[in-house]
Amino acid sequence: YYTKDEVLGAIGRINSPLLDLPLRNSLAMNKGVGSVTFTRSTTATYIDRYGVLQTTAIDEPRFEKDGLLIEGSNTNISLYSEDSTKWGSYHSSVAVDSTVINPYNLLGTPKIVGDTGEFEHYTERVDSITSSTDTYTVSLFIKKGTKDVVRFSSYFTGGTNVARHTFITFSTETATNGAKLEKLSNDWYRVSLQITDNDSGNNAIRWRVYPNNGSKVDTSNDYIYAFGGQIEKLHFVTSYIPTTDSAVTRGTDVCKVTAEGNVTSNDADVTYSMSVSVLGNTTASQAFFEKGNGVYNLARVGATGKFEVYTNGGSIGVNEAVYNTTRNIAVSYSPVGSLIDTKFYVDGTLIDSISTAYFHPNASPFSISIGSRYNNTDLLHGHIKNFKIYDKALTVTEIALLGGK
């Protein structure tokens, strides 16, 4: 418990950051100096706060309900993602229904209709891969037709016919076997499923969707809507990348903010705070922020899936990261004589601290990288919002009051 004076004093201190960057729907600062820059070499898509699939221009940031979306470069190898004339069908037909809204909130979307006979009825897209033993994420936008439960599958072919399946229940908005189901507007969902190749002889991968649960029955009256197939060599699903006759790569998101005037001098306290959500484990480090050109003002989720903070002479952080969940992160640095005390907080709780030889990389006004390292590496795949910098080492009481999820 905190006293009234403690709470009032803490509120006053946390309401006066040097830099206050909400990152909810723009790059505008509530408080701070200089500017925020954002670059990406390609167009990209995102799901807006109303659940509609949107497309942004080159160098345009994307804001979803969890904040600024930051993603590293990634490739969709599933061709003709929206052209159902290039999809294959087995005991079913597929054609565009011009009366149904698609995920872009525009009229026109593929409708898959099963035919007669006791067969499996499905539509699929098969795409070539380089022989490997990698993990892929396969995804598709789907909309309920006649059945409450439908099947979505992915297969490797060419060597060992590895397969994974999920059964989607629309009424409960659930998917089996670890698949992820994201709800959009107009009763659309995006389903994603991970599959790992276990045979270097495999040379193709496919997604497959059924208008029912895959049962071998007469489905002549059953249908489902599908849109936007994606296959990516990653352990989780990223933003949708439309394709036509070749694979398409989305560019890397890079966000930076002016450091000079927004951080303290060499010999002063500083605290960084933000809310972050991580889409999944890339098996590489994903940085939340880095100040300067070294590893001494850096917070990230490491390759092992743990939160980490780096300071001169060591790193701290033991909490496991929780993917697809917003977490509040705060890091304070406080020079004490020849040492620097570093404290790391997650969701208002101090989880680790360290005191090491003093080193503060503020000799030059380097920029602050948000969602990456200073050299545009260790890209975050996820969201950041409520990014703040204070010219003080906030106390436990003040950190607990920050909130901001």
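Measuring from label point to label point, each 7 Å out along Cα→Cβ, what is the A57 to S128 span in nm?
Rounded to a tenth, the inter-label distance reads 3.7 nm.
For an R0 of 51 angstrom, estimate the FRET efficiency from the Cβ-Cβ distance between N30 and V162 and round to the nearest 0.05.
Numbers: r = 50 Å, r/R0 = 0.98.
So, using R0 = 51 Å, E works out to roughly 0.50.
Within 12 Å, Cβ to Cβ, of I368, how many net charges do the neighbouring residues add up to if Lys/Arg are +1 and Asp/Glu are -1? Could the numbers behind the result be given before it?
Values: positive: K256, K291, R373, K388; negative: E260, E290.
Net charge in that neighbourhood comes out at +2.
Among N319, V301, S355, whose Cα sits farthest toward the positive end of the charge dipole of region 276-355 (+1 at Cβ of Lys/Arg, -1 at Cβ of Asp/Glu, about the Cα centre)?
V301
Extent of the chain along each principal axis, from alpha carbon coordinates, in Å, largest to smallest?
80, 44, 40
Using just the alpha carbons, could you tell me how many Å³ per residue the convex hull of region 8-122 encloses?
On the way: hull volume 21.3 nm³, N = 115.
Spelled out: Cα convex hull of region 8-122, divided by residues, is 186 Å³.
What accessible area per residue, rounded to a whole number of Å², is obtained for the chain using a probe radius of 1.4 Å?
40 Å²
At 1.4 Å probe size, with the rest of the protein present, what percent of the exposed accessible area of the chain is carbon and sulfur atoms? Please list the in-between numbers first.
Details: 7940 of 16250 Å².
That share works out to 49 percent.
Using unit Cβ charges (K, R positive; D, E negative) and no other charged atoms, how large, in debye to the nearest 20, is the dipole of the chain about its Cα centre?
Values: 35 positive and 41 negative charges, 72 e Å.
Around 340 debye, computed over the chain.
Would you please put 138-146, 32-40 in order of how densely packed they are, using the mean number of other Cβ atoms within 10 angstrom per residue and starting with the highest? Before the final figure, lay out each step's value.
Values: 138-146: 22.1, 32-40: 16.6.
The most tightly packed comes first, giving 138-146, 32-40.
As a test of reading the structure, rank E124, E290, E60 by solvent-accessible area (1.4 Å probe, protein chains only), most first.
On the way: E124 25, E290 0, E60 80 Å².
Largest to smallest exposure gives the sequence E60, E124, E290.
Once the principal axes of the Cα atoms of region 168-243 are found, what is the range along each, listed largest first in whole angstroms?
So the three principal-axis extents are 40, 31, 26 Å.
Find the centroid of the Cα atoms in region 104-124 and in region 247-291, then give the distance between the two in whole Å.
43 Å
Under unit Cβ charges (Lys, Arg +1; Asp, Glu -1), what dipole magnitude, rounded to 20 debye, does region 56-212 have relative to its Cα centre? Walk me through the numbers before you get to the answer.
Values: 15 positive and 20 negative charges, 63 e Å.
Dipole of region 56-212, to the nearest 20 debye: 300 debye.
Which of the peptides 254-263, 376-385, 195-204, 345-354 is most tightly packed, and how do the rest follow, going by the mean number of other Cβ atoms within 10 Å of each residue? Present the calculation step by step, with values, prior to reporting the outcome.
On the way: 254-263: 19.9, 376-385: 22.7, 195-204: 15.4, 345-354: 17.1.
Result, highest mean first: 376-385, 254-263, 345-354, 195-204.
So for the chain, taking the charge dipole from beta-carbon charges (+1 Lys/Arg, -1 Asp/Glu), which of T157, N15, Q230 sits furthest toward the positive end?
Positive-most Cα among the choices belongs to N15.
Please work out whether region 98-197 counts as rounded, prolate or oblate from its C-alpha gyration tensor, where a ≥ b ≥ c are the square roots of the eigenvalues and a/c under 1.5 means rounded, while otherwise a/b larger than b/c means prolate and anything else oblate?
On the way: a/c = 1.70, a/b = 1.52, b/c = 1.12.
Because a/c hits 1.5 or more and a/b exceeds b/c, region 98-197 counts as prolate.
The values are calculated or read from the model by the stated rules, or taken from the named source; none is laboratory data. From a predicted model like this one, the values you see are computed outputs, not experimental measurements. A quick note on method: Cβ atoms are made from the backbone with ideal geometry, for glycine too, and the neighbour counts reach across all protein chains shown. The area values use the complete protein model at the heavy-atom level, side chains included, leaving out ligands, DNA and RNA. Shrake-Rupley method; radii C 1.70, N 1.55, O 1.52, S 1.80 Å.
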